[in-house]
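Engineer: Have a look at this one before I ask anything.
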Amino acid sequence: MTLPFFRLRAANGAPLVERSGQTGRTLISGAWRAVKFGAAQIDREKIDAAAGIPHLTVDRPPQARRGPQPLSFPLPMPPKVAVIEARFAPAKNQRWFDRHDGSWRAWQPDALVVPLSLGLLMADRKRCGLADLPDLTVALVALSSLADGPMDERQRGRLWRAFQVPVFEQLQDRDGSIVARECEVRHGLHLDPDAVADVRAGELRLRNEPTGIAGDIVYGCCECGAESPRLTRVAPLRMAVGAAR
Ligand SMILES: [Zn+2]
């Protein structure tokens with residue numbers, strides 16, 4: 001029998017047991033007995049009784065998403081947000097633009113959501129006097145990807161100098177969905193509730209797939225007020241290994 005993915009968490013959000021398919025992994029031995037019930041029969045009371053560990057919660061398998069994610073903004077949502085080369089659930093304050101469509105400048109948005117690589121290209125074109133950028137008033141959200149790697153501080157600086165507003169990162173999975181978002185106080189990237197993430201041998205894994213990104217997952221409250229686990233010290237894996245030497 002193949003069991004669907006599930007994960008048990010302690011009260012502080014730390015993973016205790018997770019199981020995917022026919023393979024299981026025990027993070028603490030006391031919780032292992034809980035998985036004998038099988039995912040179909042697991043409920044909170046049985047888990048508590050079996051494992052003797054209070055305050056367990058179960059992450060259900062993520063449901064298939066119906067349509068695109070809504071845009072989650074790190075600050076109070078501004079009135080006009082231009083989204084370039086990305087898709088989120090429709091919202092009155094947002095307009096979407098193709099990367100070749102320069103009309104977003106005339107719309108004069110308060111904030112911009114743009115793939116990291118394209119944002120850097122815009123910043124470089126401005127620095128070279130090849131293009132003007134509108135005056136943003138609130139923030140820029142840079143969408144980083146597994147292919148491009150997470151945003152580093154030099155890239156953040158380039159965006160800040162070009163756009164003159166705070167820059168926040170949101171990390172995309174291979175399918176373009178947002179799996180982690182930088183919060184207002186910039187203490188890491190909070191994992192999306194639907195993200196199935198863990199760190200093994202220093203490498204971030206999404207849905208049990210390696211990502212090429214190094215990092216840690218921190219549990220507990222963040223100074224921004226959110227309690228969701230967050231990625232910290234993210235960097236391309238090769239760079240992180242080199243820095244450790
Ligand atoms: Zn936070």
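Engineer: Let me spell it out: the conditions are (1) outside any loop (DSSP other than H, G, I, E, B); (2) closer than 16 Å to residue 71 by Cβ, and residue 136 meets all of them except one. Which number is the exception?
Structural biologist: (1)
Engineer: Looking only at residues that are among the small types (Gly, Ala, Ser) and in a loop (DSSP other than H, G, I, E, B) in segment 206-239, which one is farthest from the ligand (Cβ to nearest atom)? Quick ask: steps written out before the conclusion?
Structural biologist: So in segment 206-239, the residues among the small types (Gly, Ala, Ser) come out as 212, 214-215, 220, 225-226, 228, 235.
Retained after the next criterion (residues that are in a loop (DSSP other than H, G, I, E, B)): 220, 225-226, 228.
On the way: 220: 11, 225: 7, 226: 5, 228: 8 Å.
Here the answer is 220.
Engineer: Would you check which residues across segment 151-182 are away from the ligand (no atom under 12 Å from the Cβ), under 19 Å from residue 89 (Cβ atoms) and touching a residue at least 12 places away in the same chain (Cβ under 8 Å) and list them? So that I can check it myself, show each step before the final result.
Structural biologist: Taking segment 151-182 first, the residues away from the ligand (no atom under 12 Å from the Cβ) are 151-167, 169-179.
From the residues that got through so far, the ones that are under 19 Å from residue 89 (Cβ atoms) too are 170-173, 175-179.
170, 171, 172, 173, 176, 177, 178, 179 - these are the residues of segment 151-182 that are away from the ligand (no atom under 12 Å from the Cβ), under 19 Å from residue 89 (Cβ atoms) and touching a residue at least 12 places away in the same chain (Cβ under 8 Å).
Per-residue answers, yes or no, for (1) surrounded by fewer than 16 Cβ atoms within 10 Å (Cβ to Cβ); (2) polar (S, T, N, Q); (3) in contact with a strand residue (DSSP E or B) (Cβ under 6 Å, 6 or more places away or on another chain); (4) in the same structural domain as residue 113 (by TED's automatic domain parsing):
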| residue | (1), (2), (3), (4) |
| --- | --- |
| 144 | no, yes, yes, yes |
| 154 | yes, no, no, yes |
| 175 | yes, no, no, yes |
| 181 | no, no, yes, yes |
| 195 | no, no, yes, yes |
| 211 | no, yes, yes, yes |
| 221 | yes, no, no, yes |
| 230 | no, no, yes, yes |
| 238 | yes, no, no, yes |
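Engineer: Output the residues belonging to segment 98-116 that are under 26 Å from residue 150 (Cβ atoms) and either modelled with pLDDT under 95 or in a loop (DSSP other than H, G, I, E, B) (or both). Give the steps one after another, and end with the answer.
Structural biologist: Of all residues in segment 98-116, those under 26 Å from residue 150 (Cβ atoms) come to 98-99, 104, 109-116.
Of everything in segment 98-116, those that are under 26 Å from residue 150 (Cβ atoms) and either modelled with pLDDT under 95 or in a loop (DSSP other than H, G, I, E, B) (or both) turn out to be 98, 99, 104, 109, 110.
Engineer: Mind checking which pairs have a first residue in segment 183-205 that is over 11 Å from residue 226 (Cα atoms) and near the ligand (Cβ under 8 Å from one of its atoms) and a second that is assigned to a strand (DSSP E or B) and among the polar types (S, T, N, Q), Cβ under 7 Å, 6 or more apart or different chains?
Structural biologist: Correct list of pairs: 188/232.
The values are calculated or read from the model by the stated rules, or taken from the named source; none is laboratory data. Remember, it's a predicted structure, so these values are computed and weren't measured experimentally. Neighbour counts are summed over all protein chains in view; Cβ atoms, including those assigned to glycine, are modelled from backbone coordinates with ideal geometry.
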